[in-house]
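These notes are about the structure you will find just below.
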Amino acid sequence: VDQHGKLHPSLHGAAKVQLADGSIVFYGGGNPQQSSGVVSHLVPHPALRRARPDAEEVMQLLLNAQEAPESPLWSAVRHPDGSIGVLAPLTDGLPLVWSSVDARSDASGRGVGGGRGGPGRRHGLHACLRRAGVEEEMVIFGGRGDPEAPRCFNDVWCLSLSKDAREGVWRQVETQGGGPPPKVWYGATPTKDGNWVIYGGSEWQFEETAALAADRGVVWILALQSFAWSSVVPAAGTSRPEVVLACSLVEVSGSVLVLGGCMPHRLGNMPATGRTFAHCPKWYASLSRPWRFHLASRRWSQASASADGVPEPGDTLLRSHTSAVALPVQAAPRQLPPDGAGPEAVLLFGGSRYFTGAYFHDLLALRLPLPAPGPEEEQEGCAWGAPGDWVEEVGAEVERVSISGPFGSGEGVLRRMRRRLSGQISGAVASGSSGLALPGPAPGGGRRGSAGRLRAMERDAVA
């Protein structure tokens with residue numbers, strides 16, 4: 001369901017937060033040339049908001065939605081007596097319904113950039129939910145503006161929402177303590193103790209700087225009730241992760257897991273020719289070696305994750321700009337032991353290797369070990385796989401594609417993509433919606449990510 005285009009121009013790098021009723025509020029998104037300050041509200045159908053959705057009910061909902069209008073609209077009806085009535089949109093049969101939020105600035109009138117005050121237009125940022133009494137607030141931090149405010153930020157804003165999320169009021173928060181430096185594309189997650197944990201991000205510079213080096217391994221924590229910042233700086237000589245951008249953070253088993261991410265400051269000079277995939281391990285943090293920040297001891301440790309159930313792990317596990325969510329023990333994949341105890345799991349969807357034009361449309365699961373007594377370093381075994389049985393099955397019929405649209409020479413694009421796919425896929429895409437076929441044993445070399453790019457081009461009618 002693609003209704004957001006009319007209400008929310010771009011969701012790339014938008015901040016988002018899930019409200020208590022299961023609906024989601026989005027703010028901003030875009031790119032350095034054109035960002036958005038729009039706030040919108042996404043309401044999933046009740047069948048999708050259940051703790052354990054019924055598969056048959058969801059399937060029937062999706063089938064029925066094919067005959068529903070593309071975007072519900074309010075209608076004005078003139079009655080025979082000349083009076084006018086207003087009819088609400090018929091949305092009962094739609095899986096997702098988008099609506100706009102009328103967001104304005106508070107009495108101070110402060111604002112950044114254009115629009116009606118507030119934080120202005122930004123992208124590459126996150127949000128978390130803060131409850132103030134019976135009200136719900138969307139808290140955002142930092143991000144990067146567009147040409148009207150061409151810089152990265154390190155301020156905090158709150159959007160107080162009405163009960164139906166149709167209206168909101170922005171206010172800038174005066175935080176306590178020393179906060180993070182300006183950041184875009186950082187990672188963030190709320191924790192059970194009422195804090196907001198932030199790691200990574202930078203001003204997207206392409207060289208190592210003293211400020212970036214000083215931020216390596218530093219975890220920033222915002223106490224949501226008092227809006228007080230604190231930071232954890234690793235002790236000298238202790239292990240710590242590299243500064244990564246566009247990583248995913250999730251809270252699991254008393255720790256924060258850092259998944260994926262890219263390192264533009266390591267990019268250097270991009271090779272004009274040759275196989276740029278060979279440089280990707282320098283530019284991207286592999287999902288096979290995730291870092292964990294332990295909330296109690298405030299120390300870092302690095303895990304080693306096996307990937308026996310993942311095709312082409314050397315390609316598949318190098319990515320940034322992903323979405324991830326932690327599952328509770330009861331919902332984790334695999335059969336639980338008789339005593340009901342079992343591992344937690346993290347689901348990770350999509351992502352890209354932005355520097356080389358590789359994109360992923362898959363769903364991976366990370367199985368985590370049960371907490372055990374002993375040193376934290378001894379508890380780091382985990383495994384990547386597909387949800388359920390942890391084996392990803394890929395199969396589809398292969399067809400040739402032709403390239404057209406605003407990408408210059410179609411044949412030139414096709415030749416480049418064919419070279420990147422080592423000639424074995426030869427510009428092939430899957431028919432229907434089954435996904436791109438990867439025939440035969442896969443030797444790696446970046447073909448899987450390049451195949452995802454072709455799939456996206458096909459979806460957008462340019463392939």
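The values are calculated or read from the model by the stated rules, or taken from the named source; none is laboratory data. These numbers come from a predicted model, not from an experiment. As a convention, Cβ positions derive from the backbone with ideal geometry for all residues, glycine included, and neighbour counts pool all protein chains shown. Just the protein is used for accessible areas: all its heavy atoms, side chains included, with ligands, DNA and RNA removed. Shrake-Rupley method; radii C 1.70, N 1.55, O 1.52, S 1.80 Å.
Among the residues making up segment 26-43, those that are within 18 Å of the chain's Cα centre (by Cα) and closer than 16 Å to Pro95 by Cα are His41, Leu42.
For segment 22-34, does any single residue satisfy the condition of being closer than 17 Å to Glu135 by Cα and open to solvent by 50 Å² or more (accessible area, probe 1.4 Å)? No - not one qualifying residue is present in segment 22-34. Pro95 passes every criterion in (1) modelled with pLDDT of 95 or more; (2) surrounded by fewer than 21 Cβ atoms within 10 Å (Cβ to Cβ) apart from (1). Looking across segment 243-262, the residues that are modelled with pLDDT under 95 and assigned to a loop (DSSP other than H, G, I, E, B) come down to Ser253, Gly254.
This table checks each residue for (1) closer than 23 Å to Lys192 by Cβ; (2) more than 17 Å from the chain's Cα centre (by Cα); (3) surrounded by 20 or more Cβ atoms within 10 Å (Cβ to Cβ).
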{"site": "Ala214", "(1), (2), (3)": "no, yes, no"}
{"site": "Val218", "(1), (2), (3)": "yes, yes, no"}
{"site": "Leu222", "(1), (2), (3)": "yes, yes, yes"}
{"site": "Ser226", "(1), (2), (3)": "yes, yes, no"}
{"site": "Ser230", "(1), (2), (3)": "yes, yes, no"}
{"site": "Ala236", "(1), (2), (3)": "no, yes, no"}
{"site": "Val244", "(1), (2), (3)": "no, no, yes"}
{"site": "Ser255", "(1), (2), (3)": "yes, yes, yes"}
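Considering only residues in segment 341-380 that are in a strand (DSSP E or B) and either open to solvent by 50 Å² or more (accessible area, probe 1.4 Å) or among the acidic types (Asp, Glu) (or both), the one that is modelled with the lowest pLDDT turns out to be Arg367. Scanning segment 289-304 for residues that are surrounded by 14 or more Cβ atoms within 10 Å (Cβ to Cβ) and either of a type outside the set (Gly, Ala, Ser) or out of contact with any Asp or Glu (no Cβ under 9 Å at 6 or more places or on another chain) (or both) gives Pro290, Trp291, Arg292, Phe293, His294, Leu295, Arg299, Trp300, Gln302. Has segment 193-209 got any residue that is closer than 27 Å to Ser99 by Cβ and among the aliphatic types (A, V, I, L, M)? No, segment 193-209 contains no residue that is closer than 27 Å to Ser99 by Cβ and among the aliphatic types (A, V, I, L, M). Looking at segment 451-462, I want the residues that are touching a residue at least 60 places away in the same chain (Cβ under 8 Å) and have a partner that is part of a loop (DSSP other than H, G, I, E, B) and open to solvent by less than 60 Å² (accessible area, probe 1.4 Å) with Cβ atoms under 8 Å, at least 6 apart or on another chain. Which pairs are those? Short answer, once both residue conditions are applied: Gly452/Leu436; Arg453/Gly357; Arg455/Gly435; Arg455/Leu436. Contact map, segment 178-194: first residue in contact (Cβ under 8 Å) with a residue 60 or more places away in the chain, second residue part of a loop (DSSP other than H, G, I, E, B) and open to solvent by 10 Å² or more (accessible area, probe 1.4 Å), Cβ cut-off under 6 Å, separation 6 or more or different chains; pairs are Val184/Trp204.
Okay, residues lined up against (1) basic (Lys, Arg); (2) within 30 Å of Ala47 (Cβ to Cβ); (3) at pLDDT 95 or above:
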site	(1), (2), (3)
Ile84	no, no, no
Asp102	no, yes, no
Glu136	no, yes, no
Arg144	yes, no, yes
Ala149	no, no, no
Lys183	yes, no, yes
Tyr186	no, no, yes
